[in-house]
Every structure is written in structure tokens, then in C-alpha cells.
Amino acid sequence: MNDMSEGYVTADGRKIGGTLMEMKNITLKFGGVTAIQDISFDIRDGEIRAIIGPNGAGKSSMLNVISGFYIPTEGSVYFKGVKRGPMKPYQVAQLGIARTFQNIALFDGMSVLDNIMTGRLTLMKSGLLSQAMWWGGASKEEDEHREKVEKIIDFLEIQSIRKTPVGRLPYGLKKRVELARALAAEPKILLLDEPMAGMNVEEKEDMCRFILDVNDEFGTTIALIEHDMGVVMDLSDRVVVMDYGKKIGDGTPDEVRNNQDVIDAYLGVSHD
Amino acid sequence: MPDQLLFALEVTLNGLMAGVMYALVALGFVLIYKASGIFNYAQGVLALFAALTLVGIQQGQVPFAHLINAVTGMHVTEFGWKIPAILAILLTAGVMVGLAIIIEKLVLKHLVNQAPIILFMATIGMAYFLEGFGDVMWGADIKTLDVGLPQGINETLESVTDKALGYGFFIDNLDIVATLVAIALVTALTLFSQYSKQGRALRAVADDHQAALSVGISLRFIWILVWSIAGFVALVAGIMWGSKSGVQFSLSLIALKALPVLMLGGFTSIPGAIVGGLIIGVGEKLFEFFAGPLIGGATENWFAYVLALVFLVFRPQGLFGEKIIERV
Ligand SMILES: Nc1ncnc2c1ncn2[C@@H]1O[C@H](COP(=O)(O)OP(=O)(O)OP(=O)(O)O)[C@@H](O)[C@H]1O
Ligand SMILES: [Mg+2]
């Protein structure tokens, strides 16, 4: 199957390519709870795609399906036109799909630098033996990775906390370090679960700028979950709206904002 | 220096050496506990199994000889060759890696996300299985292990201290070797975990499973890796203890001595395992030396546990463990 249909150009002049990833008829059940019900949507190469919806709508579940943490009960994920079998999270990561978590999952005992270095594990080549014995330029490779990580540190403006153990950082900075670790993998797609939740206005503005810059400078495709509507409208090219596990809207921010089902869901009109 | 003090010094040194052995066994526990949260009851049996296998390979014993003979009516015992110690050690290390893979595939894989108590029970099961399996494979008789490590009192040390202090220290060569080997092992492990790709992955898994998955680490690979390393540490411990007191069932009981070491040092700290081992080693030797005669001796059987208990009351997280304050 080849669904790499021609792309489009955004208002601010960014080129969006064909379909990079496609979710087809995804259903996810936990015992009696249906977290996702028959949802299909696509993510195009180079775009910023938002997933929004009220609490418990199934947004995080969807991200977990994409990143391999949950195996869908029905339906499949297609990546670059190829159907993905059931995959473990580490295999998905190795495909170039990096993510952050709603509740932040960092290595608290390690420094900021070491945390970000783990992001490069999928890119490290030297095998067990050569590394254990310092053969095959293992340390030279280490230096190259280190250099890349320093660039990301500069990019996200966290030089001053490079050596700080992550467990001691305030919430906003932790979120930033988690983004840095995901970026370190040089991912094709970046999945962000509420990257701005719990931040103050200034921190949010910084984070918005970083996300736009990542997309712009590295051409990274981004799928993000966000509650702040202002942020979503500013950042995203297209939006999927979920409610009670169903997709109730899909389109540009403007289209979605004027969609009656979406307005109802957000105003809490009763479901029947 | 008064004789009594010199004697106490010698006892302390011997205690340090014994402590190294305890630390070595405790290290195996800490590695697995850190990476997977499993308290591996089978660690002592791993050491026994490793030592049995080493003797078997070195002596050219036919594995499962008893079983083969019973089933086929043949009478095989030995291949009739001897394998050099160093090669036998390498082969045994290979067997321990194989064992790690089998444990992961047959047991751990099926117990992902189970409660710690279930995993603990599984390791108890493994311990008894391995013990029996070792017997079936290599026979239940007591074996002597000799990989050519120097034995007996170190004479240089004795004569040097005799000249300098007028009192010759009795330190066993084997203890000195064990100490050097333990230092080398810990150094290698530290370098591995700090600077290698797999070591970094190992630390990541020990810190946070979910985050480790998201950066592309396979948990199953890491489990095989830590069980292999723990198997290797067990092999080293097995060689030292086996050379000292023969390879027999009681070797697996050294694991019980590691328990107070862990209570003291904390379950998650490698430095803790080392310092804890040394404190227990020295503590029990000195206590026996000073208090033993007063209360009728044999204090080495229980002193370590009592010390650990007292310690536990005041610092439940161990020497190096982090204090856990519950979030309210
Ligand atoms: N591992 C799980 N086991 C059982 N139920 C789950 C699990 N994960 C999610 N759910 C359920 O699936 C539904 C959707 O949850 P999900 O976390 O995906 O929502 P969300 O849209 O991310 O909400 P929020 O905005 O609060 O983060 C909820 O009813 C939740 O309880
Ligand atoms: Mg969520």
C-alpha cells in the first residue's frame, strides 16, 4: 500500500509531506472499558498534529498505542506505508519514534546530561564486547554522541543544569529535560503527552517556541496532546478531537473550533 | 605495641578478608535487585552451581553420568581428559550465561508485572530446582576445587611484620587473592556500568522501567544481562569459597551471610554491599575475639544478624540507601 499522497504548504510557508503514519480503525479495550473506539487518522510528514479532548477521552491511550506501550485490541498502525505488527515499545523507539509522558518518566538518579545521553542508546553502535574492552573506537563514538547531546542542551537552554540530578529539578525543567532526551534520539516522529501541563505562562511560552523550532529546524513530525486551547490553535497544523474514546472531529484548528460536536463536548452537553 | 593490640589488628585484617567474600555474594544480590526489583534467593545456589560446574568441566566429568548410567545401563563417569583451569573458568562463565538465558525464557518472561513476592517465590523455586539439578548433573559428593590459587599463610607478610612489629601476622594467601579479585571485579563492573552502552541501559532500567522502554531498551535483554553478570559474580564467589572449603551444599548457605550485609548496606547500593560486607566481616571477628571467651564462643553464628537488626532499627534504608519519605 502506498498512501504518500502529495502534501501541502502551510500559511507560514512550511512544506508538509505525504502520510507518514496512519492509524486505521484502532480500538482499545481494558476489560469492560473501551478507551478507544474505532478511530482512524493520519499524521503527515513534517506536520504538528494535535490530539485534544476532555479528561479520560483516550488521548494518552492513543499515544500509548502509537508508541507500542499498549497493543490495540483491533486495528493497526501503519508507518511509512507499512503495517506494523504488534511491537514492543523498544522496537517502536528503534524505528525513530520518540515520546514523553504525561507524568514525566525520567531517570531521577542520573544527571541531566546522563538522562539525555540515554536518548541516544538506539543510535549507539558499539557492541557489548568492544565496549567492555574499549575496542573499536567505543570512546570516540561516546565523544560524538556527547557532542550531539551538548547541542540539544544548548538548543533547549538548559546548560546551567547539565550536571544536576534530575530528581532535584522543578517540574517545568523536568518536562524540558524529557523533551531533550526524546530529541536526542533524532526521531522521525516526536510524541508529546501534555508537554505544557502544570507550567506557568512563561514556561509555556518557552516550550511552545521549542516545539515550533524543533519542527522547523529539524523537520521533525510532532504529535502532541494538549489541554490549553490557545496553545493548540497556535501550534498545530491539524487537530484530532476525541471524546469518550471516539473521534468527534478532525481538521485544521479553525475547522475544529467551529465543529458543533466539539463545542458540545467541551461545553459538557450530555451524551446520549 | 602490646601483643593484645597486635593480635586484634590481625583479627581485623582477617575480618576484612572474610568481609570481601560476603561483599562478593551480596554484590550478586544487589545487581539483580537494582535492575529488576527481584530479591534473588537463588544467588547462593548460583554460586554452588557455578563451582560444581567448574569442577565438573575441569575434571572432565560426564554431566548427568548417574542418569545416563541408570537409563542406558552403561557405566560412564569421566571423559578421561582434564581441562586447564582458565579454560574451564571461561566455559563455566559461558554456562552461567546460558543459564541466565534459560531462566529469563522459562521463568522471568512469564512473570512480568507480577508482585515482588511472586518473583521472590519464583527464585526460591529456582534455588531448590538448581540445587537438585546440580546434584543430578555433577553428583552429590563433596568435591575439591583447585584452580591453582595460592593457599596457606603468606610467609612474606609474616616475616615482614615479624621484623617490624615483633609479631608475625597470619594472613591466608587465598584471602589476599580473593581481595584482589574482588577489587578487580568491582572496578570492572563500575567501568562497565558507567561507560558502556549496555551499562548505561542497565542503570536506566534500574532507575525507571517505563522511561527505559521509551528510549529503546529491551527489558528482556537487560534481564538476561544482569542474570549473566550475577552468574559471573556467583562463579567468582564460588571459586573463592570452593577453594577455601570445598564444593558442597553448605556453599549455597553463604547466601544467608549476605543477608545481614544487605540489611546493613541497603539492597540497591554497590558501595553499600562492599562496606556492609567489610563491617560484618570485621565486626564478627572482633566480637568473637573480645566477647567470645566471655560468653562461651560461637558468636560468629549469630553476631552478623544481631548487628544488622540493631542497625535496621536505626537506619532501615541501610547505610547508603536513600531515605524514603512517603508522599502525603
Ligand atoms: N492501563 C489502563 N488500564 C485500565 N484502564 C485504563 C488504562 N489506561 C487508560 N485507561 C482508561 O482508559 C480511559 C482513557 O484514559 P486516557 O488516559 O487515555 O485518557 P486521556 O484522554 O489521556 O485523559 P487525561 O486528559 O486525563 O490525561 C480512561 O477511562 C482510563 O481509566
Ligand atoms: Mg492523558
Subject >> Leading residue by the ranking (surrounded by the most Cβ atoms within 10 Å (Cβ to Cβ)) among those in segment B:170-226 that are free of Cβ contacts under 8 Å to residues at least 24 places away in the same chain and outside any helix (DSSP H, G or I) >> reply: B:Val215
Original post:
Applying the selection to segment B:288-305, what residues are over 20 Å from the mean Cα position of the chain (by Cα) and either open to solvent by 60 Å² or more (accessible area, probe 1.4 Å) or among the charged types (D, E, K, R) (or both)?
Top reply: B:Glu288, B:Phe290, B:Pro293, B:Leu294, B:Ile295, B:Gly296, B:Ala298
Subject >> Selection status of B:Ser243, buried (at least 20 other Cβ atoms within 10 Å of the Cβ), of a type in the set (S, T, N, Q) and in a helix (DSSP H, G or I) >> reply: yes
Original post:
Quick check: is even one residue across segment A:50-58 more than 16 Å from ligand 2 (Cβ to nearest atom) and small (Gly, Ala, Ser)?
Top reply: no
Subject >> Residue selected from segment A:55-69 under the condition near ligand 1 (Cβ under 7 Å from one of its atoms) and in a loop (DSSP other than H, G, I, E, B), by the criterion farthest from A:Gly268 (Cα to Cα) >> reply: A:Gly58
Original post:
A:Asp243: within 15 Å of ligand 2 (Cβ to nearest atom) and more than 23 Å from A:Leu20 (Cβ to Cβ), yes or no?
Top reply: yes
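Of the residues in segment A:145-161, how many are away from every other protein chain (no Cβ under 13 Å) and either closer than 24 Å to B:Phe192 by Cβ or surrounded by fewer than 15 Cβ atoms within 10 Å (Cβ to Cβ) (or both)?
Summing the residues that are away from every other protein chain (no Cβ under 13 Å) and either closer than 24 Å to B:Phe192 by Cβ or surrounded by fewer than 15 Cβ atoms within 10 Å (Cβ to Cβ) (or both) in segment A:145-161 gives 8.
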Original post:
Has segment B:39-51 got any residue that is closer than 30 Å to B:His209 by Cα and surrounded by fewer than 22 Cβ atoms within 10 Å (Cβ to Cβ)?
Top reply: yes
Original post:
Considering only segment A:20-36, how many residues are crowded, with 18+ Cβ neighbours inside 10 Å and more than 15 Å from ligand 2 (Cβ to nearest atom)?
Top reply: 5
**OP:** Name the residue, out of A:Lys24, A:Lys59, that is of a type in the set (Lys, Arg), in contact (Cβ under 8 Å) with a residue 60 or more places away in the chain and farther than 17 Å from A:Gly219 by Cα.
**Re:** A:Lys59
Original post:
Among the listed residues A:Leu183, A:Leu191, which satisfies the condition of being within 16 Å of ligand 1 (Cβ to nearest atom) and open to solvent by less than 40 Å² (accessible area, probe 1.4 Å)?
Top reply: A:Leu191
Original post:
Can A:Glu178 be described as within 14 Å of another protein chain (Cβ to nearest Cβ) and out of contact with any strand residue (DSSP E or B) (no Cβ under 8 Å at 6 or more places or on another chain)?
Top reply: yes
Original post:
Can you tell me which residue in segment B:138-169 is most open to solvent (accessible area, probe 1.4 Å), limited to those that are more than 27 Å from the chain's Cα centre (by Cα) and polar (S, T, N, Q)?
Top reply: B:Thr156
**OP:** Could you list all residues from segment B:306-319 that are open to solvent by 70 Å² or more (accessible area, probe 1.4 Å), in a helix (DSSP H, G or I) and within 30 Å of B:Thr190 (Cα to Cα)?
**Re:** B:Leu309, B:Phe314
Subject >> Tally of residues being at negative phi and either in a helix (DSSP H, G or I) or surrounded by 14 or more Cβ atoms within 10 Å (Cβ to Cβ) (or both) across segment B:64-75 >> reply: 8
Subject >> Residue that is most open to solvent (accessible area, probe 1.4 Å) [pool: residues in segment A:200-256 that are among the acidic types (Asp, Glu) and within 13 Å of ligand 1 (Cβ to nearest atom)] >> reply: A:Asp228
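The values are calculated or read from the model by the stated rules, or taken from the named source; none is laboratory data. Predicted, not measured: the structure shown is a model, and the values here were computed from it. When we count neighbours, we look across all protein chains shown, and the Cβ atoms used for this are built from the backbone with ideal geometry, even at glycine. Surface areas here come from the heavy atoms of the whole protein model, side chains and all, with no ligands, DNA or RNA. Shrake-Rupley method; radii C 1.70, N 1.55, O 1.52, S 1.80 Å.
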